[in-house]
Amino acid sequence: MTTMPSKQKESSTSTKSWLRLAFEALPFHEFLERICHFMRTPEIKGSKPEESSLRHSGQNFITSLFLVSAVVTFVQYLLPHLFEIDLGQLINPLYLALLLAIQAIIFAFILGFFSSISLLPRKPAFHHLVIHQTIQAYAVLNLLVVILFWIVINRILETGDPQEASSTLDLWLGGIIGAVTLWLIWRLLFRPLWRYTTNYYTKKTAFGITAIALISTSWANSYIAFDLSSLVINKTALCKQLYTMKKQRGEIDQSVDEQCFMGHCLSFEPSKP
């Protein structure tokens with residue numbers, strides 16, 4: 001009697017395909033399974049996170065930050081020539097993960113607040129499921145955000161304009177990653193929140209409320225979020241690479257002193273809107 005469970009377990013293991021066993025040997029394989037399930041069924045269901053895939057939202061978000069840090073470190077130190085710029089000297093993976101975490105948490109709570117305000121006439125409560133949904137969506141979007149961040153930094157150094165592509169590959173890559181990011185925002189955040197709101201309003205009204213909540217959240221987040229860019233990016237290393245690249249291309253005179261250029265570069269502050 002006591003050996004049956006063990007035999008059943010061995011039988012179950014033996015029936016697994018070699019592909020499945022290989023997948024389970026990968027780091028973060030449980031995270032990838034949960035994320036794939038979330039992307040297939042991103043709707044907000046139930047009244048508690050424990051009743052849906054949102055019960056793993058916090059765990060998935062933390063795992064995504066570790067994954068992003070691992071990818072950034074891998075690219076910076078094991079594939080240093082993947083980009084023309086030396087990302088290893090420019091970006092601090094630890095502070096980058098911290099910045100992503102702070103931005104996501106602030107955005108999630110603001111969106112939860114605005115959503116709860118909009119649903120107040122129909123259901124007076126704090127709709128915390130919106131926060132879990134947002135955190136779960138950020139777990140998917142984090143890596144794409146970092147890739148877009150890399151592209152922007154590369155464009156600034158290459159062209160001086162974050163909106164100007166440095167090459168055809170850059171243009172296509174930036175366009176594809178940007179389009180995928182927008183589609184995921186629609187699928188994982190806007191549409192689930194819209195459907196959740198239709199539990200209390202008509203579809204048209206719910207659509208407008210969802211749009212207003214997201215726009216209001218983005219506006220408020222731009223004023224509330226902490227700016228850690230000075231910690232994420234090593235400005236001294238950025239200015240040094242910018243000086244070297246401009247001098248090699250002949251964009252600045254060979255007689256321009258590096259210390260003079262560095263002084264102007266380090267003191268430069270972009271104008272705020």
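Throughout, read-outs are computed from the coordinates displayed, never taken from laboratory work. All of these numbers come straight from a predicted model, not from anything done at the bench. Here Cβ is always computed from backbone atoms with ideal geometry, including for glycine, and neighbour counts include all displayed protein chains.
Computed over region 80-202, the P(r) curve from all C-alpha pair distances, binned at 5 Å from the origin, holds 2, 10, 16, 17, 15, 13, 10, 7, 5, 3, 1, 0 percent per bin.
Rounded to the nearest whole Hz, the Karplus-based 3J(HN,Hα) values (6.51 cos²θ - 1.76 cosθ + 1.60, θ = phi - 60°) of region 139-149 follow the sequence 4, 7, 7, 3, 5, 5, 4, 5, 4, 4, 4, with x at glycine and proline. The Cβ shell under 14 Å around Met39 holds other residues with a net charge of +2, Lys and Arg each +1, Asp and Glu each -1. When each of the peptides 116-127, 206-217, 137-148 is scored by the mean number of other C-beta atoms lying within 10 Å of its residues, the order from highest to lowest reads 137-148, 206-217, 116-127.
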